[in-house]
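Shown next, in structure tokens, is the structure this report addresses.
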Amino acid sequence: MKKELYKKAIAILDANFQEGGFTIPSAGLYPFQWKWDSGFIAIGFAHYDIEKAKTEMRTLLDAQWENGFIPHIVFHTENDSYFPGADFHQSELHPLSSKKYRSTGMTQPPVSGFVLQEMYRIAEDKDDMLHFIKEEIDKVFDNHVYFYKNRDPKDEGLVYIYHNWESGTDNSPVWDDIWKTMNPPEYTFVRKDTTHVDASQRPTKREYDHYLHLIDIAKEHNYDDAKIAELSPFLVQDPLFNAMLIKSNRALIELYELIGGHEDKIATLSQWQLKSIKSFNDKLFDAALGAYVHYDLRNEEPIRHITSSSFSPLFAHIPSEERAQVLVKTMMEKFGGEDKYLCASFDPTDDRFNPRKYWRGPVWINMNWMLFRGLRSNGYTDLAERIKIDSLELIQQYGFYEYFDCRRDTGDKNQTGYGGNNFSWSAALYIDMVN
Ligand code: 2M8
């Protein structure tokens, strides 16, 4: 069974790999290259086809803008099975956008740094991989320069996101209160996602109005970062996004040390690192909830809900030993009941929890992979093992879906996984977890 699943995971990744040198997350539903998906996918490829892993990252980094920005979707092809596409986003509005690829004008969690390090860990031919890393690493460094220069208006060491799609956790209930501060127009458009996936598992039409409106505001100002920081109704310091940046800073430091030289870059990265970790702990930890939370920078208030992102700082070694213990306690009390698979994407004890709906409750394999790695490296080996076993069991039982119900027994004999099937990062991270 295990062997068959492994073969199936490889078959999924190979089938989703496209001629242009990138991998789609899921046929039909997501027909382009997504930034953080690509990173996880490269980790999967590295285990059995190192050239594809390199190609995936090379293609993504090739779409970098002249200001260091890396977009969240690269529209390599014309494809109308997805909305909103290149014509809606209009990346060409930004004077420094890529002249080679059309893309969105927003980004996604900065995974590229730690992905390069994972590829080095996995590669058998270390010299060859280091050669590849030498060619690409400065692009990732420039991407971090972009973040600290443009996304940290108060110079706190914490960067903001201006759109829920930048978080990766699209319709999380943490955004609900921000939507209440906005009143976007009723857009007329044809949804494509709900032709591929049951609408009950996707965001609502009204939520999409908000998503589109935020893009329109950014477009009115040609995706100018300073204007967005001044005007976007959505401006959030996200613990997952910032934890990924910190994790990638650390990876870049270690990779530059391996390469040798680059003292100036190492010094810059180390300065960012100190400041970011301090602010992260000072500002984003909610002692009463026993978890890290999002901070709404536009309305100057913490968003006091617990999500799987609340535990992601473990992966970047942000919490002290004591704080890590608090996080684990919170996770076990709220998410870890025996009737549940770890780890729900949103607090199962919160009224806004929905076990079927996208980022409002279901289990996601990429989050589980990070938590597994984070718990293991913080010494919580049993809990790490449980997250890994839960992930493998969900895949074994239902297949390589995009997301899964966290309830062990939903009462539905025909229970399936949710969202897109033959989903690339579920396959890629399955490969990594069983290796
Ligand atoms: C989902 O997001 C896209 C928009 O980026 C969508 O719903 O159309 C999210 O789960 C995101 O995190 C992911 O990268 C993307 C592709 O898998 O799908």
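The values are calculated or read from the model by the stated rules, or taken from the named source; none is laboratory data. Please read all numbers here as calculations on a predicted model, not as lab measurements. Quick reminder, even Gly has a Cβ in these numbers, built from the backbone with ideal geometry, and neighbours come from all protein chains shown. Accessible surface areas use protein heavy atoms only, side chains included; no ligands, DNA or RNA. Shrake-Rupley method; radii C 1.70, N 1.55, O 1.52, S 1.80 Å.
Applying the criterion of being open to solvent by 10 Å² or more (accessible area, probe 1.4 Å) and more than 16 Å from the ligand (Cβ to nearest atom) to the residues of the stretch 410-431, the residue that is nearest to S26 (Cα to Cα) is T416.
Those helices (runs of 4 or more DSSP H) of the stretch 115-188 in which 2 or more residues are of a type in the set (S, T, Y) occupy 126-150. Only residues that are closer than 18 Å to I387 by Cα and surrounded by fewer than 17 Cβ atoms within 10 Å (Cβ to Cβ) were counted across the stretch 327-363, and they come to 6. In the stretch 248-258, is there at least one residue being over 22 Å from the mean Cα position of the chain (by Cα), hydrophobic (A, V, I, L, M, F, W, C) and closer than 30 Å to N183 by Cβ? Within the stretch 248-258, not a single residue is over 22 Å from the mean Cα position of the chain (by Cα), hydrophobic (A, V, I, L, M, F, W, C) and closer than 30 Å to N183 by Cβ.
Let's see how each residue does on (1) open to solvent by 10 Å² or more (accessible area, probe 1.4 Å); (2) part of a loop (DSSP other than H, G, I, E, B):
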residue	(1), (2)
L61	no, no
E66	yes, yes
P84	no, yes
S97	no, yes
P109	no, yes
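Residues considered: R407, R376, R386. Of these, the only one that is in contact with a helix residue (DSSP H, G or I) (Cβ under 8 Å, 6 or more places away or on another chain) and away from the ligand (no atom under 15 Å from the Cβ) is R376. In summary, K134 fulfils each of the numbered conditions (1) surrounded by 19 or more Cβ atoms within 10 Å (Cβ to Cβ); (2) touching a residue at least 12 places away in the same chain (Cβ under 8 Å); (3) more than 16 Å from the ligand (Cβ to nearest atom) with the single exception of condition (1).
Residue check: is I24 at pLDDT 95 or above, touching a strand residue (DSSP E or B) at 6+ places or on another chain (Cβ under 7 Å) and either under 24 Å from L96 (Cβ atoms) or open to solvent by 10 Å² or more (accessible area, probe 1.4 Å) (or both)? Judged against the criteria, I24 is a match.
Condition check ((1) away from the ligand (no atom under 16 Å from the Cβ); (2) more than 19 Å from E56 (Cα to Cα); (3) open to solvent by 30 Å² or more (accessible area, probe 1.4 Å); (4) without any contact (Cβ under 8 Å) to a residue 60 or more places away in the chain) across all residues:
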| residue | (1), (2), (3), (4) |
| --- | --- |
| K126 | yes, no, yes, yes |
| F141 | yes, no, no, no |
| F147 | yes, yes, no, no |
| N150 | yes, yes, yes, no |
| L158 | yes, yes, no, no |
| N164 | no, yes, no, no |
| S167 | no, yes, no, no |
| E186 | yes, yes, yes, yes |
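Of the residues contained in the stretch 47-56, one or more are found to be touching a helix residue (DSSP H, G or I) at 6+ places or on another chain (Cβ under 7 Å), closer than 22 Å to V434 by Cα and either modelled with pLDDT under 95 or within 16 Å of the ligand (Cβ to nearest atom) (or both). When I43, I70 are checked against the criterion of being more than 12 Å from the ligand (Cβ to nearest atom), part of a loop (DSSP other than H, G, I, E, B), within 27 Å of F241 (Cα to Cα) and of a type in the set (A, V, I, L, M), I70 stands alone in meeting it.
For beta carbons closer than 9 Å, sequence separation of 6+ or different chains, a first residue in the stretch 62-80 that is within 29 Å of T194 (Cβ to Cβ) and a second that is open to solvent by 50 Å² or more (accessible area, probe 1.4 Å) and not in a loop (DSSP other than H, G, I, E, B), the qualifying pairs are I70/K139; V74/D62; V74/R102; F75/R102; H76/Q18; H76/R102; T77/Q18.
Consider the stretch 169-184 and keep the residues that are among the aliphatic types (A, V, I, L, M) and away from the ligand (no atom under 15 Å from the Cβ). The one that is least open to solvent (accessible area, probe 1.4 Å) is I178. Within the stretch 5-40, if we keep just the residues that are out of contact with any Phe, Trp or Tyr (no Cβ under 7 Å at 6 or more places or on another chain) and polar (S, T, N, Q), the residue that is farthest from the ligand (Cβ to nearest atom) turns out to be Q18.
Restricting G157, G105, G113 to those that are on the phi > 0 side of the Ramachandran plot and among the small types (G, A, S) reduces the list to G157.
Looking only at residues of the stretch 192-220 that are closer than 17 Å to P71 by Cα and without any contact (Cβ under 8 Å) to a residue 60 or more places away in the chain, we find that the one that is most open to solvent (accessible area, probe 1.4 Å) is D216.
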